[in-house]
Amino acid sequence: MTVLLLAVASVLPACGLRQMVTMVPVLRCGWVALCIMAILCCLGLELPGGIAPWPGFSGDMHDVALLVPLGIVGVAASGARGAAACAGAALAVIGGPPLSCVGAGWILIARRDGPHDDMARQAPDLVALLLMAAVLLFPRPAGWLLPGLCWVATRGLLGLSFSLRVSPRGLRPFHMADIAAMVAAMALWRHLPAGGMVGDMRWGGVLIVAGCLLYMTASWRALCAGDGRRVMTGLMGGTGALVIVLAGLGLLARADDLPAMAVCASRTFMLVAGMLLTWMFMARAMDVMEREAGALILTRLGGLGVLMPRLSALFSIGLLAESGLPPLLGFSIIWMLLRLLAAMPRGGGLGGDLPLLLALLALGIGWAVRMLALVRIVAVMLCGRPRTPRGAGAADPSGRDMAAIVLAALPVLCVSVWPGYWLGLLAGAGTAGAVDNVALASPDGAAVLHPARLCLLVAVVGGVVMVVRRMACPTPARQVAGWQQGAPPVPPWMVFGDPLTQVGPGNPVRMLLDMVGTVVVRRRLMRDYVRLRQRGARVWPLLAQYVGDMRQGGMTVSAPVMMVMACVAALIFIAWHG
């Protein structure tokens, strides 16, 4: 395995990115072999020479396990920049402390938008990588600085920032190289225990708070982005923030000597590694969408759910897996993370529970904003009408491209339905570890999640709904998304409407009124209401005087009797109106 990595690492610097395009088939074969060897190592098979026969390379089984999703991403990478980033990520995963930092720096340089891109933004990351390599080699003088250095070094790899401002320079388009960068960042965070740090409890709390805040800002930037690729970059930044939260929880578990919590944090970390398969699948789907419908600018997209039904259905699976809705992989990650936060060591009383409540509040707000960003993608890209002639002429890809996307979606579904198999494979416990403990368990063992049962329940309910809908509303022979020159009228059921006219304060009220009745009915009801008020203005003084006389005579009516009379009157009105 190490020989193959060194061969890739020695070939890529010798040739430019343009010459590397012709080497894509050869590199894909190499990534297939690398992925197969990593799987064999995780299953307990000993390779000739061992995992890392040369000094300077890591032989840890957890590091080798990260090569499984990286190998699949390397096979799917078609561009020269993505292939170079995958090679750097492989060096960051399998290399020792100095080589891992070199691989991470290689990715930062390979992901530049152009040869004249400003390197000033990457200078702090590169300096932090150099300092991190030095501290990993000599941990005693400044080992307590290692979490902070890793935070700064992986900030650019994970695409994280505390800034809420969205700009083309601050939020780069989403490509395969970003997935390789996340693998490298996860490898660097896994190298933290090798530094022999002190003050783990303080750093654990800081990382948890910082990760929650970064999750919120990444979700907000995804909501405000102007094109589909940058929206995905923001969403992937939220996944990267969860890596920092899990690292903080792992530090807390080791500082307080909680082995069950540490094991649960490690398993959740590997579930996040499985989420990389979802991002790989979505990157391939977006490449095909961009080739068929043009640039993925939200002000120019629409109607892809009708024009490209098969690809849109597969793309929706990836969105659901990322959203955190049951029963896909995102829900399993959120469930494990909430259980970890609940098991976090804290003091008694309100002061001890306050950090947990703040962390849950931050994650809840970030998840809500993330859901809004996903709803925006669905409402603009998949629903509505096409806004450009090229978008109106989009269609599902050919059989070969569609087969590649389906093959990319299969690992996502398998990991979502049976995450225990994925965790058993990456744990490196041999064949028995890959088939035991299929369910997900909380750190205290009190709660167990079975995603396969949830998937079966959702499939049964979805099948019943589909059959009923097909029987009630037969589909026409040919569905076409209409397109008109100019800006078409926006349907009232679209949550966000046209991206140029976002939701205003009066639109939700207007949407609710449209659900109640048509405009003609509302106008008629308004005229009846005005007439009733005019007549009531004459009768109201007489009624008030009559009620006053009744109350002076000693006659009163209790509140329950008034409630029953009001309900009876409402039922009489409904029956009469019907």
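The values are calculated or read from the model by the stated rules, or taken from the named source; none is laboratory data. The model shown is predicted, which means the values in this text are computed figures rather than measured ones. Positions of Cβ are backbone-derived with ideal geometry, glycine not excepted, and every protein chain shown enters the neighbour counts. Heads up: the accessible areas ignore ligands, DNA and RNA and are worked out on the full protein's heavy atoms, side chains in. Shrake-Rupley method; radii C 1.70, N 1.55, O 1.52, S 1.80 Å.
The residues of region 213-233 that are crowded, with 21+ Cβ neighbours inside 10 Å and more than 14 Å from the chain's Cα centre (by Cα) amount to a single one, ALA225.
Of all residues in region 213-235, those that are under 11 Å from GLY159 (Cα atoms) and among the acidic types (Asp, Glu) total 0. Counted as qualifying within region 282-353 are the helices (runs of 4 or more DSSP H) with 3 or more residues that are open to solvent by less than 10 Å² (accessible area, probe 1.4 Å) and either over 28 Å from ALA255 (Cα atoms) or in contact with a helix residue (DSSP H, G or I) (Cβ under 8 Å, 6 or more places away or on another chain) (or both), namely 309-323, 329-342. Scanning region 394-424 for residues that are over 24 Å from PRO309 (Cβ atoms), open to solvent by 30 Å² or more (accessible area, probe 1.4 Å) and more than 20 Å from the chain's Cα centre (by Cα) turns up just one, TYR421.
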